Each structure stands twice: as C-alpha cells, then as structure tokens.
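Take a look at the structure set out below.
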Amino acid sequence: MNQESIINYTIHLADNALIMGHRNSEWCGHGPILEQDIALSNISLDLIGQARNYYQYAATVIGNNTTEDSLAYLRDAGDFKNCLLVEQPNGDWAQTILKQFFFSVYQYYLYQQLQYNNDDQLKAIAIKSLKEVTYHVRWSSEWVIRLGDGTEESKTRLLKALDELWMFTGELFEPASYELNMNVDFDLLKEEWTKKIQSVFEEATIAMPAKNNWHQSGGKKGKHSEHLGYILAEMQFVQRAYPNSAW
Amino acid sequence: MINLIAMITEENISIKKVYSILEAVTDPEVPVLSIIDLGIVKDVLLNDDEIEVIITPTYSGCPAMDFIKVNIRMVLLQEGYQKIKVTQVLSPAWTTDWMTEQGKEKLKAYGIAPPNSAQSVCTPDSFQKEEAIQCPRCNSYHTHLISQFGSTACKALYQCLDCKEPFDYFKCH
Ligand SMILES: [Zn+2]
C-alpha cells in the first residue's frame, strides 16, 4: 500500500459516507413520522462522524495544513471520489430506503474486511463504524420488507426505486485504481452483498434484477452525475462565501 | 530503590486525583453520567509536567465529544494544572460494556433504561426477537420497542405496556 493509494482510498471512503450522510440530512424535519425522521437523522450523524474520522486521517497523511474541513468544503466535484449511488436524489421514501439499504449492506461487508486491514487507522475506523452500520442494515432491511410485502402502492414504489437505483450498484464492485492494493476482496464483497440483498428481497416478495445488467460507473474516478454539483453548492456555500469562518 | 517506589506511588496518587477531578465532566446529552461512568476515559498519563487524558468517542458522530474535550481542559485548569493534553483514540472501539455499575444505576434513576450487556442482539438481522428491557419507572418487563433510533445516537425508544409511559433505552453497542 503506497501513501498515494492510502490517501485516495481514505478520501473515497470519506466521500461515500459524507455524501450519503448529507443526502439523509435533507430528510431532517421532513420524515413521514417523527420516529423515522429521527432514525434518518441519527444515521446521518453516524455517517458524517465516520466521514470525519476518515478525513482527519487523510489530512494527517497529506500534511501541508490540510484539515478535515478543507477536504470536505474546499474540493470541487471532480475531486470527489464517492460512488454514484450515494449522490442520487432521495426521491420518495421507498427510494431513500432502498438507497440506504444497498449502501449499508455494502458498508457492512466492506468494513467486515477492513477490520482486519494492515493499516491500523483504517482498521480502527472500520471496527468502530461496523457497530453503527449494523443498526443501519437492520433498520433499512426491515423497511424494504415492509414496503415490498406491504400494500400495492408501497410495492409499486419500491419496484420503481429498484428500477432507478439498480444501475448504480455495479460500480460498488468495480475497483478504481486506488482500491486495487488495499487488500479488499471485491469478488467476496460482491458475493456477500448479493446474498444479503437476495435474502431480504425474498422476504419482501420482490424479484432480483437480471444478473450482469448494464451499469453506470464513474463517480469513484471523479466523473459524477449532475446531482453532486447541487449537493456541494449547498453544503459548501458558507465556507466558500465566508472563507475560514468557524462557529 | 526506595526513591523509585516513592515516585511511583506519588504518580499513582496524582493520577487517581485526576480521575476524581474528571468525575465532574458530564455527558451534555445525558447529564447524570460522568465521562468516567460512560467509560470513555481510557487512560491518564503524566508526561513530565504535562497531564494527558486519553478518551475515545461513544459513536463516530457523537456531537458531544468536542464539548467534552473543552470541559476536561476547564476542570483541570480550575484545579491548577497548566499543561493539559486531550488525545482521542478510536481503538479499541467503545462499548456499553465499559459503562460502570454506578453509571447504570444513575441512568435508571434518571428515567433511562441502562444497557443490557452487548450480546448477540447487535446483529444486522431484520425483525429479531426484541430484547427484554425493564421499564425504569415501574420495573415491568412488559415493554416494547418503538424505534431503534431515539433522541440521541446512543438511545432507542421504548414504551412500557403496564404504566404506558414511553422511555429511552441506552442501547447496547
Ligand atoms: Zn412502566
């Protein structure tokens, strides 16, 4: 593992968590009922906390006065390495839930591997985050089952969300150059992810999409959908308009 | 040799004193718990004339950590310590099993059900059998989960089916 891969890989993990966390925070005050509004806000908080741990680590390795804030607030879309899945719009409740479910199951099995990584800090963050992600997987899979095995409307909406999001799941298992030497077994990751998705879909009485469907990728290499620009415009506005402001 | 033992003993006494001072720093979100009760103080070191307090966060996104760091500095300054360093470590990861028995009693008296020991319930399986959580008001086990996520990252929301009151549960982690 050379230093450049560690930096890029750590930033990639941070960007995934930050953008997913930011998207969830858009629900704060808008959830369908209070308890679920609070649930999404708590998941946001966990993810933004994980992102902070990764940015702090990347900033230490980079040096040169880099901080967690400069990494989060002062980079442009082309420098962000998050996967396309996390930047997709929240849509309705079904789309938000399905996106969270795909992402949480991915994080769960990825962190299962990273908890044995030979980089001490990546290992420590994975062990810590895994406890949080366990709750996210449970919460989101219960909602997928409720929606899929619920009413005709909830099922229709979940299927529509599946149609919107499935094409972005392939990128999770297509390693970018900086992921190649991080001792992550992508075949195993994909196998475990697929198995879990399949078992929850069975309970939710919905069918798995056909294998080897076409998928869209690019986010991990900095090629993003138009959505990321809007997210950053909102998230970075204060720091760009009032440089170095703190509160 | 005798001097060395005297020094070690003196160091132990000073460290013990720092721990007792740290009892005054509480979790802003659960003010009955001190950071010692929570089990987030991992070590106190004396480096020459500097005191180093090593802490670990409960959850990655715990918004109270920055506040807690400032308060650790404040209480030690008030007691006359000049050089203070607060270091945050992530490993080993915090678990509710580190909460003191005294902490658990304080939680219950405050109306929050204390954590069960972190066992097999911390798995990702959906619709698991609910943990038996005792109502902190009437002690009934006839309670049910309303939401895995509560008013702060560390709590779940329950309701007692006997006295009908909703209550927070400091969930196992
Ligand atoms: Zn009761």
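The values are calculated or read from the model by the stated rules, or taken from the named source; none is laboratory data. None of the values given here were measured: they were computed from a predicted structure. Using ideal geometry, Cβ is built from the backbone for each residue, glycine included, and neighbour counts are taken over all protein chains shown. Just the protein is used for accessible areas: all its heavy atoms, side chains included, with ligands, DNA and RNA removed. Shrake-Rupley method; radii C 1.70, N 1.55, O 1.52, S 1.80 Å.
Some points to look at:
- Verdict on residue A:107 being in a helix (DSSP H, G or I), open to solvent by 10 Å² or more (accessible area, probe 1.4 Å) and modelled with pLDDT of 95 or more: no
- Elements of the type helices (runs of 4 or more DSSP H) sitting completely within segment A:1-80 and holding at least 3 residues that are surrounded by 23 or more Cβ atoms within 10 Å (Cβ to Cβ): these cover A:3-25, A:34-62.
- Check on residue B:94, open to solvent by 40 Å² or more (accessible area, probe 1.4 Å) and either outside the structural domain of residue B:72 (by TED's automatic domain parsing) or out of contact with any helix residue (DSSP H, G or I) (no Cβ under 7 Å at 6 or more places or on another chain) (or both): no
- Of all residue pairs spaced 6 or more apart or on separate chains, those with beta-carbon atoms under 7 Å, a first member in segment B:160-172 that is part of a loop (DSSP other than H, G, I, E, B) and a second member that is of a type in the set (Lys, Arg) and more than 6 Å from the ligand (Cβ to nearest atom) are B:171/B:155.
- Residues satisfying the stated conditions in segment B:98-127, i.e. in contact (Cβ under 8 Å) with a residue 60 or more places away in the chain and more than 16 Å from the ligand (Cβ to nearest atom): B:98, B:99, B:100, B:102, B:103, B:106
- Any strands (runs of 3 or more DSSP E) falling wholly within segment B:26-115 and containing at least 3 residues that are in contact with a Gly (Cβ under 9 Å, 6 or more places away or on another chain): B:30-34
- Residues in segment B:128-159 that are within 12 Å of the ligand (Cβ to nearest atom), over 19 Å from residue B:106 (Cα atoms) and part of a strand (DSSP E or B): B:143, B:144, B:159.
- Within segment A:93-143, tally of residues that are under 19 Å from residue A:18 (Cα atoms) and aromatic (Phe, Trp, Tyr): 8
- Test: residue B:126 is in contact with a Lys or Arg (Cβ under 7 Å, 6 or more places away or on another chain), crowded, with 17+ Cβ neighbours inside 10 Å and not aromatic (Phe, Trp, Tyr): yes
- All positions within segment A:50-71 that are facing chain B (nearest Cβ under 9 Å) and either on the phi > 0 side of the Ramachandran plot or in contact (Cβ under 8 Å) with a residue 40 or more places away in the chain (or both): A:50, A:53
- Positions within segment A:213-224 being under 16 Å from residue A:89 (Cα atoms), open to solvent by less than 30 Å² (accessible area, probe 1.4 Å) and in contact with a Gly (Cβ under 9 Å, 6 or more places away or on another chain), in sequence order: none
- Of the residues B:90, B:145, the single one that is within 27 Å of residue A:112 (Cβ to Cβ), under 21 Å from the mean Cα position of the chain (by Cα) and within 14 Å of another protein chain (Cβ to nearest Cβ) is B:90.
- Residues in segment B:97-116 that are more than 14 Å from chain A (Cβ to nearest Cβ) and open to solvent by 30 Å² or more (accessible area, probe 1.4 Å): B:100, B:101, B:102, B:104, B:105, B:106, B:108, B:109, B:110, B:114, B:116.
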